[in-house]
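To keep things clear, I will list the structure first and then write my remarks on it.
What follows draws every value from the coordinates through simple rules; no lab data is involved. Everything numeric in this text was worked out from a predicted model, so none of it was measured. All Cβ positions, glycine included, derive from the backbone under ideal geometry; neighbour counts span all protein chains shown.
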Amino acid sequence: MSVFTLDNVSYSYDGTTNVLDSLSWGFEAGKLYGIVGRSGAGKTTLLSLMAGLTNPSAGRVMFDGTDLATMDRYRYRSHDVGVIFQSFNLLPYLSAVENVELSMYASGKHIQNSRLRAMALLHQVGLDETKAKRRVLKLSGGEQQRVAIARAIGYDPKVVLADEPTGNLDLGTQQDIIDTLTVLAASGRCVVVVTHSPEVAKCMDSVYELKVQSVKRHNR
Amino acid sequence: MFIIRNAIKSVSRSIGRSILLFLIVVAITAAAAVALSIRSTAAQVADDSASQLSVTATIDIDRQNLMQQAQSQQDEPVARESYRDQFSMLQSLPLDTLLEYATSAHVSEFRYSATLSLNTTDDIEAVGSEETTQATQLNESGLEMGGVLSGGGGGAGGPWSFAGVSLGDLSVVGYASESAMTSFVSGQQKIISGAMIDLTQANNEALVSSEFAVYNSLEVGDSLVLANPAATDQTYTFTIVGIYDAGASSTTESLRFSTSQDPANQIIISYPTLSAVEDESSTTATTSTDIRGQSISTALSSTLTHTFVFESPNEYQEFDTQLRAAGLDATYALTSTDLEAYNSSLIPLENLSNFAGKMLLIVLGVGALVFAVVSVFNTRERKYEIGVMTAIGISKLKVVLQFLAEAATVTLLGLLAGLGIGMVAAVPVAETLLANQVSAAQAQQTSVETNFGRPGGGAPMLGGTATLPGLGNTSAVSYIDQINARVDFDVAGQLGAIGLGLALLSSGFGAAFVMRYEPLNILAERS
Ligand SMILES: Nc1ncnc2c1ncn2[C@@H]1O[C@H](COP(=O)(O)OP(=O)(O)O)[C@@H](O)[C@H]1O
Ligand SMILES: [Mg+2]
C-alpha cells in the first residue's frame, strides 16, 4: 500500500504559473525513491508539499490514505515525517546534538536516552563527539548537513524526505549517507531523496523525474 | 518540559541580546523603583503628618459671610454705616459657650487667655512711653487709620478708648494654661529669672519682661501697682515672681499706637487673677455718656483669646459639623490658620511626588519604546528560529511559550537587579526626606521644656501633650522603620506589575510574529 499518493497535485506560488503540474505519483513503504530534475524544476516545492509545510493549489497529497490538508500538520511534521532541508534549517543557538534531541522531544515519542541516541546517530553520519557538542554555527556546511540528517531520522519517522542530502559532501561521505538511507528504507521506511547527482540516482529503487515547466524555462 | 530548557539555552547562548534586554529592564526598574518609593514615601509622610498634625482653630465672627449676606440682601453697594451697625451689634461668643463646645470629644484641648489694658502708676513707666505720650491727636473718624479709634479724654496721658474700651499703657494677659502661652511653647519667650506663676490660682502673681524690669529697676519679689485707665483711683497690686525674655518684637515701633502693643509691656498673670481683677472693677464701676451718646462704663473689660486644639484635620472637620448641628449660626465660623498653613506646607512634598510621577511615566514610556525597538530588531533573527521550530512540528503555542519563558527569565533577573539598585538609591532618598521631617519635630519638642525654665527631657509633659503627639525620640525611630517596610512592599509589588508588563510586551511582539508566519515562507525568505 502506498504511504504517499499524489493525486493530480499542482502548485503555484503566484497563482498564475504552475511550478508543479498535475502530478499523480505513488510512494511505498520500504522503498528508496529518487526525484531528479533541473534546478528550478520544483523538487523542493514538491518535498514541501509532502512535508506538510503547505497545501497544493489543486489535487491532494494523501498520507496513509488521509488527505494531508485535513490532518494536524504540526503533529504530522514532528511525528511522522523527517525532513532533511536543502538549507539545513538548524537552530543556531543549539549544539549539533541538542538540535537532534530537540526534534526527538518535539515528536512526543518519549525516546529513552535521547542524548546517547543522538550522539550515536551523529557518529553514524560522521560527526565525532567534539563536533557533536559544538554550536551548529561553528560547523561547516557539510557538517551541518550531517546534523540535519541525524535530526530527521532521530525520532524514527515513517517517512524521510531528503532535499539534496549529499550536495555538500565528498564522495566518501556521500556513500555513507546513501547507505544510511538505504538501511532506513530496508527497515520499512519510505525514503524520498531529491538529487541531481546521477550516482545517487543510480542507488534508488525508483526514480521520478520533474520537468521544468515550459513557461519557467522561457523565463530562465 | 523541553520548551523551558530551550528557553534557558536561548537566553544563555544569545548572550548579547539577553544582556541588552537585561540592561534595559534594569534601567527601567531601577529608575521606577526610585520614583515609586519617593511617591510612596511622600504619600505616607503626608498621611502620617496629617494624622499627627494638631490643628488649632478659633470660632470667630465670619466677616466675609456677613459682607456677602449684606450684599445679597440689597442690590446697592453696602452702606458703610449699615455694615458698621450690623457689625457692632455682634459679639464674640462668651467663654461659657466656648467651654461648653470644648467638651466635645473631637476637641483634644481648649486653651484661652484674656487681655486687660491697665495703666502704670507712680514712678513705673511703660517701655518707650515718651514717644507715645506725645502721640498726635487721632482724628475722630479714625476709620481711615484702620480702626475705630477715638480720643475719648483728649490730651496727653488721658485714657485712650478703643471701641468703648479704655486703653492703658500696659497689656495684662491672663492665661488659663501653659499651653495657651504659645510664645513660651515655641521658645520665642522664656523665663530667665524667678519662677513660673501658678496659672490655677487667683494669687496676683505676675511675670514681667526683662526689658520692663530693667527699665523700672524691678526685681523678682517686688510689687507692681497698676491702675484702671478709666478710673485711675482703682489700683491692683501684683507680685513679680518671674522675669521673662520677651524676645524680638514683631511689630515695628512706628506702627504701634500704644505702648501696650510692645511685647516688652506685657504683664503675664493667671486667668483666675485676671478674672478677679475684672470682677472687682465691675463692682466699683461708674457709668457716663460720651459725645456720641453711647454709655461708657469705667469697668475693666477683657478681650478673650481662645484656641481649640484637634488631634487631626479630621477631628477638626467633624467638630465643625458638630458645631453646625448644635445650632451655631452662620454669623460665626470655625477657622484654622495652621490647617491652611499645613495644606500649603504639603506643596513641596506634593511637587516632589508629582515630579517622581512624571519621571516614572517618562521612564516607562521611553523604556517601553526602547524595549519595543529592540524586540523588533530581535525578531528578524527570531523569525528564522520560528520558521525552523514550526517546520519540525513544534506548535506555535509552544514557540510563544518559549519566547514568554525567555522574556520572563530576562525580566525577572533584570527586575531583581533593578530592584536592588533602586533600593540602594531610593531608600536613602526616602529616608533623608523623612529624617528631615522627624528631626524638625524633635527639635521643637525638646526645646519646649527648657522654654518654661525646666531642664529639657525627663520632665513630665505639659498640660498640652496633645500639641505635639508622638514625636518623642522613641516614636520617631519606629516611625522611620515603618516607612521602610511600606516602601519595600509597595514598590516591589508595583515593580512586579511593571515587570509583568515588560514581559508581556516583549513576548507579545514575539507572539504576533509567530502567529503571522507560515514556516515555508520564513524558510524560503531566508534562502
Ligand atoms: N517561496 C517562493 N515564492 C515564489 N517562487 C518560488 C518560491 N520558492 C521557489 N519558487 C520558484 O519555484 C520554482 C521551483 O523552485 P524549487 O522548488 O526550489 O526548485 P528546485 O528545488 O527544483 O531547484 C523556481 O522557479 C523558484 O524560483
Ligand atoms: Mg531545491
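Given Cα pairs under 8 Å that are at least 6 residues apart, what percent is the relative contact order of chain A?
The value is 30 percent.
Net charge near B:Ser179: determine it from the other residues with C-beta under 10 Å of the C-beta of B:Ser179, scoring Lys and Arg +1 and Asp and Glu -1.
-1
May I ask what percent, to the nearest 5, of DSSP beta bridges between residues of the stretch B:196-328 are antiparallel?
65
What list of ³J(HN,Hα) couplings, whole Hz, do you get for the stretch B:317-325 from phi and the Karplus terms 6.51, -1.76, 1.60, once you set θ to phi - 60° and write x for glycine and proline?
Going residue by residue, I get 4, 5, 5, 4, 4, 4, 4, 5, 5 Hz, with x marking Gly and Pro.
Near A:Ser24, within a Cβ-to-Cβ distance under 12 Å, what is the net charge of the other residues, with Lys and Arg +1 and Asp and Glu -1?
Counting the neighbours of A:Ser24, the net charge comes to -1.
Check B:Leu167: other-chain or 5+ apart residues with amide H under 5 Å from its amide H, H built from backbone geometry?
Result for B:Leu167 returns B:Trp160, B:Ser161, B:Phe162.
How large is ³J(HN,Hα) for each residue in the stretch B:334-342, as worked out from phi by the Karplus curve 6.51 cos²θ - 1.76 cosθ + 1.60 (θ = phi - 60°), to whole Hz, x for Gly and Pro?
Once θ is set to phi - 60°, the couplings for the stretch B:334-342 become 8, 10, 9, 7, 6, 5, 4, 4, 4 Hz.
Where a ≥ b ≥ c are the square roots of the eigenvalues of the C-alpha gyration tensor, would you call the stretch B:201-314 rounded, which needs a/c under 1.5, or, failing that, prolate if a/b is larger than b/c, or oblate?
Because its axes are fairly even, with a/c under 1.5, the stretch B:201-314 counts as rounded.
Past the 30 Å Cα-Cα mark, which pairs from A:Lys109/A:Lys131; A:Lys31/A:Lys133; A:Lys43/B:Lys396?
Long pairs (Cα-Cα over 30 Å): A:Lys31/A:Lys133.
What order do you get for B:195-202, B:380-387, B:335-342, B:285-292 when each peptide is scored by the mean count of other beta carbon atoms within 10 Å, highest first?
Output ranking for B:195-202, B:380-387, B:335-342, B:285-292: B:380-387, B:195-202, B:335-342, B:285-292.
Cross-link candidates for B:Lys9: which aspartates and glutamates have Cα within less than 15 Å, leaving aside residues fewer than 8 places away along the same chain?
Partners found: A:Glu98, A:Glu101, B:Glu385, B:Glu406.
Once phi is turned into θ = phi - 60°, what whole-Hz ³J(HN,Hα) does the Karplus curve with 6.51, -1.76 and 1.60 give for every residue of the stretch A:167-178, x standing for Gly and Pro?
Whole-Hz 3J(HN,Hα) from phi for the stretch A:167-178: x, 9, 10, 6, 4, x, 5, 3, 5, 4, 5, 4.
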